[in-house]
Every structure is written in structure tokens, then in C-alpha cells.
1. Among the numbered criteria (1) of a type outside the set (Val, Ile, Thr); (2) part of a strand (DSSP E or B); (3) surrounded by 15 or more Cβ atoms within 10 Å (Cβ to Cβ); (4) at pLDDT below 80, which single criterion is violated by Tyr9?
2. As an exercise: evaluate Lys91 against (1) within 21 Å of Lys221 (Cα to Cα); (2) at pLDDT 85 or above; (3) out of contact with any Lys or Arg (no Cβ under 7 Å at 6 or more places or on another chain) and give the number of the one condition it does not meet.
3. Please indicate, with yes or no, whether at least one residue in the stretch 253-265 is touching a residue at least 24 places away in the same chain (Cβ under 8 Å), out of contact with any helix residue (DSSP H, G or I) (no Cβ under 7 Å at 6 or more places or on another chain) and at positive phi.
4. Taking Glu214 as the residue in question, decide whether it is surrounded by fewer than 22 Cβ atoms within 10 Å (Cβ to Cβ) and under 30 Å from Ile43 (Cα atoms).
5. Take the stretch 123-166 and flag every residue that is under 27 Å from the mean Cα position of the chain (by Cα) and of a type in the set (Phe, Trp, Tyr).
6. Condition check: part of a loop (DSSP other than H, G, I, E, B), without any contact (Cβ under 8 Å) to a residue 60 or more places away in the chain and in the same structural domain as Leu152 (by TED's automatic domain parsing). Does Ala35 satisfy that?
7. Does any residue in the stretch 72-83 that is charged (D, E, K, R) come within less than 9 Å, Cβ to Cβ, of a residue that is surrounded by fewer than 13 Cβ atoms within 10 Å (Cβ to Cβ) and not in a helix (DSSP H, G or I) six or more places away or on a different chain, and which pairs are these?
Amino acid sequence: MQEEFELTYLAKTLPDSFSFETKSKEILDIYLPAASEHATLRIRKRGDLYEITRKEPVSGTNSSHQTENTIPLTKEEFADLSTVAGKRVRKVRYYYEEKGTTYEIDIFQDALKGLVLVEVEFKSNEEKSAYVPPAWVLADVTQEKFVAGGVLCGKSYGDIENELVRYGYTQVTAQPLESNISLLLAQKYLGAKVEVIIDRPLGSKHPKHGFIYEVNYGYLKGVAAPDGEDLDAYVLGVAEPLENATGICVAIAHRKNDDDDKLIVVPEGVTMTDEEILTAIHFQEQWFETEIVR
């Protein structure tokens, strides 16, 4: 167990000398239990490190002084635990240094895009009390519940916008590093027999975009992807509409420009080349930079 002394700020803008080449790590947090309004148990992927942590104030509700209990996880343990139905939040954390101070600049992704928080850690309460923030931060929100990770998880920018307006916060435009966490989850199923629930059968129409599904398309029930929905799968090698299917995951449709990879599932004994797979799923993947991963 270790104690933390930290302050959290809303960013006014990114620092003038900030660069997206600054050392960074993508972070995926999954908070449990999903029903909690302010969960304190967190499963985290931080770059190529994995851990499970409970973080709570030392006393009362003072969020600037907390205890943190962390257990390292293996990649395989994280992959298994990441299938739980927890609430998720994804961000890119930049480790920016200015005048001898390291700032953790968190640029949020997905539904929270536009939110940028800045954290500063200290060795003692005395050091924290003497700290003077730079001009590029807007306001100290350390004690605000709405910016706590266990509260932010599962929310959108619109959900917290009224709270942000109280501080005069406006969305910070930022273009973080590209990443794809769903590939890690999908790789767990390569070569495995899986059951796919088909919610968009062959010949059906996409409810929003109107294109026709040229193959059966569905999901693995209870396997949560980074977007909060169940992990998607194309079922190939079957020429009729299905309600469900059992087959072998032979490949992954890896979207290089979108964190939403898809499993490629075929009946046992069926083989397909990468080119055949890409042709079969082109009807939907044509809008993405997709490659086949085996």
C-alpha cells in the first residue's frame, strides 16, 4: 500500500511547448462494480503494463491524499478480466515536464473526447500546499466527484458538460496517438471455438447506415469490447441467414484507424485466405483501414 499526494486540474489549453511526441501511454480503465456510482476498484491497461488497483481517500472525502493498493497482472490475466461487465474509460496520458515538474496530461477518448485533465503528484502535503499551477490550467477540481475515474467511467462529455460549464471549461482540441486495445482482447480468441449471436443476419440492412449485410454478423455474448458493447464477429462460409453460429475464430479484422476489431469465425474445417476474407467483409470494412491478423 502506498500513499499519494496529488492535485487534479481542468486544462485551459495544452502548453505552448507541448508535443504529441512527448512520452505517453494509452490507458484503459475498467471500474467495478458496474452498478456503483463511484467505483474504487479498477482494472487497468497502461501501455504494456497491466494491474488491478483499489484507490480511496485516506480519510473522509479528501481526494488529494489517497491510499493505493495495486497488484500487477499478466497480459493473459488482464485479457480474461477485461471481459467483465465493468464501466470503461479510455485516455492517452502524456508525461510532460515543465520547470522541474512532471504533469500527467490525460486526453480522454471516445465519448469523453474534448476533456483534458492534468494531474500533479507530490512527495508530501507540504510540497502540495506550496505548489503554484501554471497559466495553462483552468481550475483545481481535485475534490470534485464528477472528474474521479470511478465516476467518469461509462459517461459521455454531454453527461458532465453542465459541471464543466461551472468552471468556464471549453473543449480542448487534441489529436492523441492512434491505438487499438480491442486487438488485445480479440487475440485471446484466435484458434478457439466460439458461439456467435447473430443480430444482423445475411441480407439484413444496417439500422443507421442502410447498407446490406453480405454475411452473417453478430457478437460474443458477455465479452465486453473497449466501446462497451459485446465483441463483434463476422461469420463467413455460410450462405444462409442465421440466428446463432458456432465456429472457429481463424482471424481478426484489425482496424488500424478504429479501436473496434472484429473476429472472423468460420465453420470447422473451412479455410479462407486473407484476400477472401477482405473481399467478404468489404461491404462494411470499406470505410476503415482494415488488415487481417492471424
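The values are calculated or read from the model by the stated rules, or taken from the named source; none is laboratory data. Computed from a predicted model, the values in this text were never measured in an experiment. Here Cβ is always computed from backbone atoms with ideal geometry, including for glycine, and neighbour counts include all displayed protein chains.
1. (4)
2. Only one criterion in (1) within 21 Å of Lys221 (Cα to Cα); (2) at pLDDT 85 or above; (3) out of contact with any Lys or Arg (no Cβ under 7 Å at 6 or more places or on another chain) is unmet by Lys91, namely (1).
3. First, pick out the residues of the stretch 253-265 that are touching a residue at least 24 places away in the same chain (Cβ under 8 Å): 253-265.
In the following step, the residues that additionally are out of contact with any helix residue (DSSP H, G or I) (no Cβ under 7 Å at 6 or more places or on another chain) were identified as 255-258, 262, 265.
Filter once more, so that each one left must be at positive phi: none.
No, because not a single residue in the stretch 253-265 is touching a residue at least 24 places away in the same chain (Cβ under 8 Å), out of contact with any helix residue (DSSP H, G or I) (no Cβ under 7 Å at 6 or more places or on another chain) and at positive phi.
4. Working: surrounded by fewer than 22 Cβ atoms within 10 Å (Cβ to Cβ): yes; under 30 Å from Ile43 (Cα atoms): no.
Considered against the rule, which asks whether it is surrounded by fewer than 22 Cβ atoms within 10 Å (Cβ to Cβ) and under 30 Å from Ile43 (Cα atoms), Glu214 comes out as no.
5. Correct list: Trp136, Phe146, Tyr157.
6. Values: part of a loop (DSSP other than H, G, I, E, B): yes; without any contact (Cβ under 8 Å) to a residue 60 or more places away in the chain: yes; in the same structural domain as Leu152 (by TED's automatic domain parsing): yes.
It is true that Ala35 is part of a loop (DSSP other than H, G, I, E, B), without any contact (Cβ under 8 Å) to a residue 60 or more places away in the chain and in the same structural domain as Leu152 (by TED's automatic domain parsing).
7. Pairs found: Lys75/Asp48.
Yes/no matrix, rows are residues, columns are (1) of a type outside the set (Ser, Thr, Tyr); (2) in contact (Cβ under 8 Å) with a residue 60 or more places away in the chain:
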{"position": "Leu164", "(1), (2)": "yes, yes"}
{"position": "Gly168", "(1), (2)": "yes, no"}
{"position": "Ala174", "(1), (2)": "yes, yes"}
{"position": "Ile181", "(1), (2)": "yes, yes"}
{"position": "Tyr189", "(1), (2)": "no, yes"}
{"position": "Val196", "(1), (2)": "yes, yes"}
{"position": "Gly203", "(1), (2)": "yes, no"}
{"position": "Phe211", "(1), (2)": "yes, yes"}
{"position": "Glu214", "(1), (2)": "yes, yes"}
